[in-house]
Structure formats: structure tokens, C-alpha cells
Amino acid sequence: MHIAVIGAGMIGAASARHLSLAGHQVTLVGPAEPGDAATHDGPFASHYDEGRITRQMDPWPFWSRASRASIARYRDLEAQTGVRFFSEVGALMAGPEGSGQMQRLAGVRARDDVPAELLQDAELAERFPYFSFHPGTIGFHEASHAGHVNPRAMVRAQLAACAAQGVTLVRDWVTDLSEGEGVTLTLSGGAQVRADRALIATGGFSRSLTGEALDFTVYARTATMFEVSESQAEALAAMPSLIVLLPTGEDPYLLPPIRYPDGKVYLKMGGDTVDVPLETPEALTAWFRSGGNPEVGAQIEALLRGRMPGLEILSTLNLPCVTTFTPDNIPHFKALSDKVFTAFAACGRGAKNSDELGRLGGLLASGEALPDWAFEAAVVA
């Protein structure tokens, strides 16, 4: 069967790899990262970054399962392609002892037998002296199979595997999708791609192809980069990725020092609580062209200075991104017809889970049944 995968980002590239492994003819369609975001007028992707947190534990059963499945394949993909993208520095999830979110995490640890060490006040301070936590904080520390991934490198690895497996890569974007005996994709340059079936994996830009058939919301998000010196980065070499689960339901995250393409070393923090919906392709493109929201950036800086009061910050930089949510907080693995399928809306968890999300999307597009847990939306009690 010839299957066209629309979207060459984290989920789409993974879908193409898994479909070709299953023996299908695959055409993967999606633009490369733009050299100049300010002048790019096509869709953007969410992998234009060097660091995203990866961890096994999540209070949602679906995401915990998807995380563990994806992480289990990282090293094989790296070995197959020679592209390294996984930094196994560990991950820490911390919050008030007795809170609902921490209790749910404890339930996940027990249910899924995740090797995560429980640390309390004094133990947290001793193990991670560069962090400042409120009294009564506990943390679950995953020392292995956790840390951060480089999403740009992860996509490069997926594409390298795709090339080795015979996948055709078309560097363009789809402007129209029509059905007949099969499917026909019309590209921005006017060319067409014909296939038996199509899988839409275009993230926040999916509405231009799905219309109003599916319920999802795309929000603008701002992450802030904090430049540190080489000596500061060296002093923080053992720092894990961090997520703090606050009683308010907010969950700011922090990545350890990572070197970016400009040669500088940054810590990255997110925790944008300003929900600004982006409802049209034009609004999405304008947001990706922007420098993010400076007010949110200032809020994030205040959070970081409270969490790491001894950190010496040389400069700051705000980055725009988006998150795509569904009502059930699990992705849209949907059949729009007997020829067109979807795999998008990763609900802020796409990078670390993308290989498994792509595998599930590929199963759907090829007519295979998805496992029951792929629709398990309930939170662990």
C-alpha cells in the first residue's frame, strides 16, 4: 500500500519510518526548517529546538505508556542512524507532599513499576543543592531512561532511517487534499502526490486540512532561554530535567544547560499560563514569526530566579512555540474517511513520545487496530 504522510516533523517522520518498516510504500511530505522564520509563509513545526524533557512517569495512563515505549527505542534509533539525540541526565518531578498530582505520580510509579526514587526535603536539598524548594516538597527522581532529547536531531535520525528504508521525502507543504480512487495531495508549488491513503500529522496547522471535523485547540506558548557561562554550565553538569507540579495545577519545567546552534549554553524554562488560542494558519504563522510574549518571559524569569537563586544569567531570549490540545488530553488518532487519517495534538508532550505516536498513527493509516490503551484518557486515581 502507498501511504502519504503529511507533515515531516516529529510524529510524521516517525510514522513514515514505522510504515516503511511494515513494508508499505511511503511518501513523506513536509517543508524543512525555514532559514529565516520572519519571511517564511508556510507552516512551521514544533521541533525547532535543542532540548525537550523526556521521562517515563506521567499521571495519565496513555502518556505514561507512550513515554516508556518511545524511550525504549531511542538508543536503537541512534545506533541505526549514528545521530545522537538522547541525553540521559535524569528527570525530577517535584511538588507538595500529599498533593493530588504527587499522589497520582506515586500511583503511576507503583502501577507501571517505574524506577523512580522518592526524595524528601533534606534529601532533595542534598542531592540537588542548586534548586530551592518550599518546605514539604517531595520529588520522584528518574535517574535512567529520562533526561532530555534534542528534537531537531531526533527528526534528523528519523529522516535518516526513512531514507535508508526507501521513503520518498518531498520538501513542500500540502495545500489541498482530495479523495477519489485514492488520495491526491496538491502542494504549494503546484505539484501533486497520489497515494492510496494519507495520514495527517501536521500539529497545530492541521485545521487547514481537517477543517472543523475534529475538536482541538492550539495555544501560543512562550519559553525563555537563560544564557549561562561555560563555568556555570560545568558546575551544573549533573543537573536533571525538572518539572514542578504546583497546587494551582501549573507545572513549570526547566532543562539543564544545553549548547545551542549560536554556540551559547542556555537553560530553558517554560510554564506559560496565558492561554491565547491561535485559530487560523495566519495567526499561527504570525506567532512563529514573533519573539514570543515578553510579559510571559518576565514571569518565567521570576520563577527561575526563585527556583535557582544562585544562577548567574548572562542574557535571556524568548522563543515562541505552540501546544495543541484535544478534549480528552490524548492525540487525535482518527479516521476522517476510509482513506484519510490523523495523528496529531500531542497536548504538550509530543517530543519525548513522538516515536510511539508515529507508530500508532502508522497502524491506524494502514488499517491495523490500535491497542485499547491508545484511547485511555482517564487520569490515574
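Bear in mind that the values in this text are calculations on the coordinates, not laboratory data. Owing to the predicted nature of the structure, the values given are computational and were not obtained by experimental measurement. Every residue, glycine among them, receives a Cβ derived from its backbone with ideal geometry; neighbour counts consider all protein chains shown.
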| Quick one: which of 179-192, 198-211 comes out on top by average Cβ neighbours within 10 Å, and what's the full order, highest first? | 198-211, 179-192
| said: About the Cα centre, and with charges only on the beta carbon of Lys, Arg (+1) and Asp, Glu (-1), how big is the dipole of the stretch 217-325? Nearest 20 debye, please. | reply: 160 debye
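To check you understand DSSP bridge types, tell me what percent of the beta bridges within the chain (both residues inside) are antiparallel, rounded to 5. Display every interim value, and only then the final one.
Details: 53 of 72 bridges.
Counting DSSP beta bridges with both partners in the chain, the antiparallel share is about 75 percent.
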| field | Most to least packed among 264-276, 45-57 [average Cβ atoms within 10 Å] | value | 45-57, 264-276
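Counting only C-alpha contacts under 8 Å and six or more residues apart, can you give the relative contact order of the chain as a whole percent? Intermediate results must be reported in sequence, preceding the final value.
Working: 853 pairs, mean separation 100.0, N = 381.
Normalised by residue count, the contact order of the chain is 26 percent.
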| remark: Checking rank on 217-225, 334-342, with mean other Cβ inside 10 Å and highest first, the result is 217-225, 334-342
| field | Coordinate range along principal axes, alpha carbons of the stretch 217-325, Å, largest first | value | 44, 36, 21
| query | Which shape class, rounded, prolate or oblate, goes with the stretch 1-159 when its Cα gyration tensor gives a ≥ b ≥ c as root eigenvalues, a/c under 1.5 marks rounded, and past that a/b bigger than b/c marks prolate? | reply | prolate
| request: Tell me what the chain gives for mean residue ellipticity at 222 nm when only DSSP H runs of n ≥ 4 count, each as -39,500 (n - 2.57), the sum divided by the residue total, rounded to 500 deg cm²/dmol. | output: -9500 deg cm²/dmol
| Of the residues Asp172, Asp196, Asp262, which exhibits the maximal mean-square fluctuation in a Gaussian network model of the chain defined by a 10 Å Cα contact cut-off? | Asp262
| field | Choice from Gly42, Gly263, Gly361 with maximal GNM fluctuation in the chain (Cα, 10 Å cutoff) | value | Gly263
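Which of rounded, prolate, oblate describes the stretch 269-376, given a ≥ b ≥ c as roots of the alpha-carbon gyration tensor eigenvalues and a/c under 1.5 marking rounded, otherwise prolate only if a/b is larger than b/c? Show your work: numbers first, answer last.
Numbers: a/c = 3.14, a/b = 2.03, b/c = 1.55.
Prolate, because a/c is 1.5 or more and a/b exceeds b/c.
With a/c under 1.5 counting as rounded, go ahead and sort the stretch 91-143 into rounded, prolate or oblate using the C-alpha gyration tensor (a ≥ b ≥ c being the square roots of the eigenvalues; past the cut-off, prolate if a/b is larger than b/c, else oblate). Don't jump to the answer; show the numbers that get you there.
Working: a/c = 2.67, a/b = 1.45, b/c = 1.84.
Note, shape of the stretch 91-143 comes out oblate.
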| remark: Out of Met154, Met93, Met308, a Gaussian network model of the chain with alpha-carbon springs under 10 Å gives the largest mean-square fluctuation to Met308
| What's the angle, to the nearest 10 degrees (0 to 90), between helix 294-307's Cα axis and the longest principal axis of the chain? | 40 degrees
| query | List the lysines whose alpha-carbon lies under 29 Å from that of Lys334, not counting same-chain residues fewer than 8 positions away? | reply | Lys352
